[in-house]
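Next up is a structure, given as C-alpha coordinates.
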Amino acid sequence: MRGVGEKNILDEFCTRFCTVVERHCRYIIVSGFVAISSGRTRATEDIDMIIERLDAKKLQRLHEDLVAHDFVCMQSDSVGEIYDYLRSGIAVRYTFKDQPLPEMEVKFAKDELDEYQLRSRVKLPLTGLDVWFGSIPMNIAFKEELLKSDKDIKDAEHLRKIYPELANEREITDIKRMIRKLRL
(Lines give C-alpha, C1' and ligand atoms only; values in the text may rest on other atoms or scores of the structure.)
Protein backbone atom coordinates (compact mmCIF):
# COMPACT_ATOMS: atom_id res chain seq x y z
CA MET A 1 0.00 0.00 0.00
CA ARG A 2 1.18 3.49 -0.64
CA GLY A 3 1.47 5.81 2.31
CA VAL A 4 -0.94 8.59 3.12
CA GLY A 5 -0.29 11.55 0.86
CA GLU A 6 1.76 9.54 -1.64
CA LYS A 7 0.39 10.30 -5.09
CA ASN A 8 1.61 9.19 -8.47
CA ILE A 9 0.93 10.60 -11.94
CA LEU A 10 -2.23 8.49 -12.39
CA ASP A 11 -3.62 9.73 -9.06
CA GLU A 12 -2.95 13.37 -9.93
CA PHE A 13 -4.35 12.98 -13.44
CA CYS A 14 -7.48 11.22 -12.15
CA THR A 15 -8.10 13.78 -9.42
CA ARG A 16 -7.68 16.77 -11.73
CA PHE A 17 -9.90 15.26 -14.43
CA CYS A 18 -12.63 14.21 -11.98
CA THR A 19 -12.66 17.65 -10.35
CA VAL A 20 -13.64 19.17 -13.70
CA VAL A 21 -16.15 16.46 -14.62
CA GLU A 22 -17.90 16.64 -11.25
CA ARG A 23 -18.95 20.22 -11.96
CA HIS A 24 -20.98 18.99 -14.95
CA CYS A 25 -22.31 15.48 -14.29
CA ARG A 26 -22.27 12.29 -12.27
CA TYR A 27 -19.39 9.97 -13.05
CA ILE A 28 -17.62 6.86 -11.78
CA ILE A 29 -14.14 5.45 -12.13
CA VAL A 30 -14.31 1.73 -12.87
CA SER A 31 -12.19 -1.30 -13.70
CA GLY A 32 -8.42 -1.60 -13.23
CA PHE A 33 -7.76 1.76 -11.61
CA VAL A 34 -10.10 0.83 -8.74
CA ALA A 35 -7.78 -2.07 -7.85
CA ILE A 36 -4.60 -0.08 -8.57
CA SER A 37 -5.65 2.89 -6.45
CA SER A 38 -6.51 0.37 -3.70
CA GLY A 39 -2.95 -0.92 -3.59
CA ARG A 40 -2.71 -3.57 -6.33
CA THR A 41 0.60 -3.33 -8.12
CA ARG A 42 0.17 -3.56 -11.87
CA ALA A 43 0.67 -1.28 -14.83
CA THR A 44 -1.94 0.72 -16.68
CA GLU A 45 -1.87 3.75 -18.91
CA ASP A 46 -5.55 4.58 -18.82
CA ILE A 47 -8.38 5.10 -16.39
CA ASP A 48 -11.94 4.12 -17.27
CA MET A 49 -14.77 6.55 -16.55
CA ILE A 50 -18.51 6.27 -17.10
CA ILE A 51 -20.50 9.50 -17.12
CA GLU A 52 -24.23 10.03 -17.19
CA ARG A 53 -25.69 10.65 -20.63
CA LEU A 54 -25.52 14.34 -21.45
CA ASP A 55 -27.19 16.39 -24.15
CA ALA A 56 -24.98 18.16 -26.68
CA LYS A 57 -24.98 21.50 -24.84
CA LYS A 58 -23.98 19.98 -21.51
CA LEU A 59 -21.25 17.96 -23.20
CA GLN A 60 -19.98 21.11 -24.88
CA ARG A 61 -19.71 22.87 -21.50
CA LEU A 62 -17.91 19.87 -20.02
CA HIS A 63 -15.50 19.64 -22.96
CA GLU A 64 -14.75 23.37 -22.88
CA ASP A 65 -14.04 23.18 -19.15
CA LEU A 66 -11.69 20.23 -19.69
CA VAL A 67 -9.86 22.13 -22.44
CA ALA A 68 -9.60 25.17 -20.15
CA HIS A 69 -7.87 22.89 -17.62
CA ASP A 70 -5.26 21.63 -20.14
CA PHE A 71 -6.97 18.42 -21.26
CA VAL A 72 -7.44 17.44 -24.91
CA CYS A 73 -9.59 14.81 -26.57
CA MET A 74 -7.48 12.40 -28.61
CA GLN A 75 -10.23 11.66 -31.17
CA SER A 76 -11.31 15.16 -32.07
CA ASP A 77 -11.43 18.83 -31.16
CA SER A 78 -15.00 18.98 -32.46
CA VAL A 79 -17.59 18.67 -29.69
CA GLY A 80 -20.08 17.47 -32.30
CA GLU A 81 -17.83 14.56 -33.26
CA ILE A 82 -17.08 13.76 -29.61
CA TYR A 83 -20.81 13.75 -28.87
CA ASP A 84 -21.48 11.45 -31.85
CA TYR A 85 -18.84 9.00 -30.62
CA LEU A 86 -20.23 8.93 -27.10
CA ARG A 87 -23.85 8.72 -28.22
CA SER A 88 -22.90 5.77 -30.47
CA GLY A 89 -21.37 3.90 -27.53
CA ILE A 90 -17.77 4.64 -28.52
CA ALA A 91 -15.44 5.84 -25.77
CA VAL A 92 -13.29 8.94 -26.17
CA ARG A 93 -9.91 9.49 -24.57
CA TYR A 94 -8.60 12.61 -22.91
CA THR A 95 -5.01 13.34 -21.97
CA PHE A 96 -3.11 16.34 -20.70
CA LYS A 97 -2.24 18.70 -23.54
CA ASP A 98 1.17 17.72 -25.05
CA GLN A 99 1.35 14.57 -22.91
CA PRO A 100 0.03 11.35 -24.49
CA LEU A 101 -0.17 9.40 -21.23
CA PRO A 102 -2.01 8.79 -19.02
CA GLU A 103 -5.43 8.72 -20.66
CA MET A 104 -8.96 8.96 -19.31
CA GLU A 105 -11.28 6.74 -21.34
CA VAL A 106 -14.74 8.31 -21.09
CA LYS A 107 -18.01 6.73 -22.13
CA PHE A 108 -21.68 7.47 -21.61
CA ALA A 109 -23.76 5.19 -19.41
CA LYS A 110 -25.33 2.81 -21.90
CA ASP A 111 -28.01 0.88 -20.05
CA GLU A 112 -29.72 0.28 -16.72
CA LEU A 113 -26.62 -1.51 -15.44
CA ASP A 114 -24.51 1.62 -15.94
CA GLU A 115 -27.27 3.74 -14.39
CA TYR A 116 -27.23 1.41 -11.38
CA GLN A 117 -23.46 1.87 -11.17
CA LEU A 118 -23.83 5.65 -11.15
CA ARG A 119 -26.49 5.48 -8.41
CA SER A 120 -24.39 3.15 -6.23
CA ARG A 121 -21.10 5.03 -6.62
CA VAL A 122 -18.81 5.32 -3.60
CA LYS A 123 -15.78 7.14 -2.35
CA LEU A 124 -13.05 4.80 -1.15
CA PRO A 125 -11.00 6.48 1.59
CA LEU A 126 -8.35 3.74 1.40
CA THR A 127 -7.34 5.10 -2.02
CA GLY A 128 -6.55 8.57 -0.68
CA LEU A 129 -8.42 10.01 -3.67
CA ASP A 130 -11.49 12.24 -3.44
CA VAL A 131 -13.19 10.77 -6.52
CA TRP A 132 -16.27 8.63 -7.16
CA PHE A 133 -15.71 4.95 -7.88
CA GLY A 134 -18.03 2.22 -9.05
CA SER A 135 -18.96 0.08 -6.05
CA ILE A 136 -16.73 -2.80 -5.01
CA PRO A 137 -19.46 -5.43 -5.71
CA MET A 138 -19.98 -3.90 -9.17
CA ASN A 139 -16.27 -3.96 -10.02
CA ILE A 140 -15.86 -7.53 -8.78
CA ALA A 141 -18.92 -8.73 -10.71
CA PHE A 142 -17.78 -7.11 -13.96
CA LYS A 143 -14.28 -8.52 -13.67
CA GLU A 144 -15.44 -12.04 -12.82
CA GLU A 145 -18.51 -12.31 -15.04
CA LEU A 146 -17.81 -10.17 -18.11
CA LEU A 147 -14.13 -9.32 -18.48
CA LYS A 148 -12.56 -12.56 -17.14
CA SER A 149 -8.93 -11.98 -18.20
CA ASP A 150 -6.19 -13.15 -15.81
CA LYS A 151 -5.54 -9.51 -14.93
CA ASP A 152 -9.24 -8.92 -14.20
CA ILE A 153 -9.58 -12.04 -12.05
CA LYS A 154 -6.53 -10.95 -10.03
CA ASP A 155 -8.03 -7.44 -9.69
CA ALA A 156 -11.26 -8.99 -8.35
CA GLU A 157 -9.30 -11.16 -5.89
CA HIS A 158 -7.45 -8.07 -4.69
CA LEU A 159 -10.68 -6.10 -4.21
CA ARG A 160 -12.20 -9.00 -2.24
CA LYS A 161 -9.11 -9.11 -0.01
CA ILE A 162 -8.81 -5.35 0.55
CA TYR A 163 -12.53 -4.63 0.98
CA PRO A 164 -14.05 -7.74 2.63
CA GLU A 165 -16.68 -5.59 4.36
CA LEU A 166 -17.83 -4.16 0.99
CA ALA A 167 -17.67 -7.38 -1.08
CA ASN A 168 -21.32 -8.31 -0.51
CA GLU A 169 -21.70 -11.74 -2.15
CA ARG A 170 -25.45 -11.45 -2.55
CA GLU A 171 -25.09 -8.12 -4.36
CA ILE A 172 -22.25 -9.51 -6.51
CA THR A 173 -24.48 -12.44 -7.51
CA ASP A 174 -27.38 -10.08 -8.36
CA ILE A 175 -25.10 -7.87 -10.45
CA LYS A 176 -23.71 -10.90 -12.30
CA ARG A 177 -27.30 -11.86 -13.14
CA MET A 178 -27.88 -8.33 -14.52
CA ILE A 179 -24.66 -8.58 -16.55
CA ARG A 180 -25.78 -11.88 -18.10
CA LYS A 181 -29.17 -10.37 -18.94
CA LEU A 182 -27.93 -7.04 -20.35
CA ARG A 183 -24.43 -7.67 -21.67
CA LEU A 184 -23.99 -11.34 -22.55
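The values are calculated or read from the model by the stated rules, or taken from the named source; none is laboratory data. Worth saying up front: this structure is predicted, and the values here are computed from it rather than measured. Counting neighbours? That spans all protein chains shown, and the Cβs are built from the backbone with ideal geometry, glycine included.
Quick check on LEU59: is it modelled with pLDDT of 95 or more, touching a helix residue (DSSP H, G or I) at 6+ places or on another chain (Cβ under 6 Å) and of a type in the set (A, V, I, L, M)?
Considered against the rule, which asks whether it is modelled with pLDDT of 95 or more, touching a helix residue (DSSP H, G or I) at 6+ places or on another chain (Cβ under 6 Å) and of a type in the set (A, V, I, L, M), LEU59 comes out as yes.
Looking at GLU12, is it out of contact with any Lys or Arg (no Cβ under 6 Å at 6 or more places or on another chain) and acidic (Asp, Glu)?
Spelling it out, GLU12 is indeed out of contact with any Lys or Arg (no Cβ under 6 Å at 6 or more places or on another chain) and acidic (Asp, Glu).
A further question follows. Can you tell me how many residues in the stretch 40-86 are of a type outside the set (D, E, K, R) and part of a helix (DSSP H, G or I)?
14
Taking LEU101, is it touching an Asp or Glu at 6+ places or on another chain (Cβ under 8 Å), buried (at least 20 other Cβ atoms within 10 Å of the Cβ) and not in a helix (DSSP H, G or I)? Let's see the steps before the verdict.
On the way: touching an Asp or Glu at 6+ places or on another chain (Cβ under 8 Å): yes; buried (at least 20 other Cβ atoms within 10 Å of the Cβ): no; not in a helix (DSSP H, G or I): yes.
The answer is no for LEU101.
Then there's this: Of all residues in the stretch 144-178, which are hydrophobic (A, V, I, L, M, F, W, C) and closer than 16 Å to ASP48 by Cβ?
Scanning the stretch 144-178 gives LEU146, LEU147, ALA156, LEU159.
Here is a further query. Please name all residue pairs, on different chains or six or more residues apart, with Cβ atoms under 8 Å, provided the first residue is in the stretch 33-62 and is more than 16 Å from ILE90 (Cβ to Cβ) and without any contact (Cβ under 8 Å) to a residue 24 or more places away in the chain and the second residue is surrounded by 19 or more Cβ atoms within 10 Å (Cβ to Cβ) and charged (D, E, K, R).
Matching pairs, first to second residue: PHE33/ASP48.
Collect the residues in the stretch 8-40 that are charged (D, E, K, R), over 25 Å from LYS110 (Cβ atoms) and loosely packed, with under 14 Cβ neighbours inside 10 Å, keeping them in residue-number order.
Once the filter is applied, which keeps residues that are charged (D, E, K, R), over 25 Å from LYS110 (Cβ atoms) and loosely packed, with under 14 Cβ neighbours inside 10 Å, the stretch 8-40 yields only GLU12.
Let me confirm something: among LEU159, LEU146, LEU129, LEU113, which residue is part of a loop (DSSP other than H, G, I, E, B) and hydrophobic (A, V, I, L, M, F, W, C)? Before the answer, list the steps.
Values: LEU159 fails: part of a loop (DSSP other than H, G, I, E, B); LEU146 fails: part of a loop (DSSP other than H, G, I, E, B); LEU113 fails: part of a loop (DSSP other than H, G, I, E, B).
Matching residue, one of LEU159, LEU146, LEU129, LEU113: LEU129.
Turning to a different aspect of this structure: Under 8 Å between Cβ atoms, which residue pairs at least 6 apart in sequence (or on different chains) link something in the stretch 5-27 that is outside any strand (DSSP E or B) with a partner that is hydroxyl-bearing (Ser, Thr, Tyr)?
Pairs found: LYS7/THR15; LEU10/SER37; LEU10/THR44; ASP11/SER37; CYS14/SER37; PHE17/TYR94; CYS18/TYR27; VAL21/TYR27.
Do we find a residue being surrounded by 12 or more Cβ atoms within 10 Å (Cβ to Cβ), at negative phi and out of contact with any helix residue (DSSP H, G or I) (no Cβ under 9 Å at 6 or more places or on another chain) anywhere in the stretch 129-145?
No.
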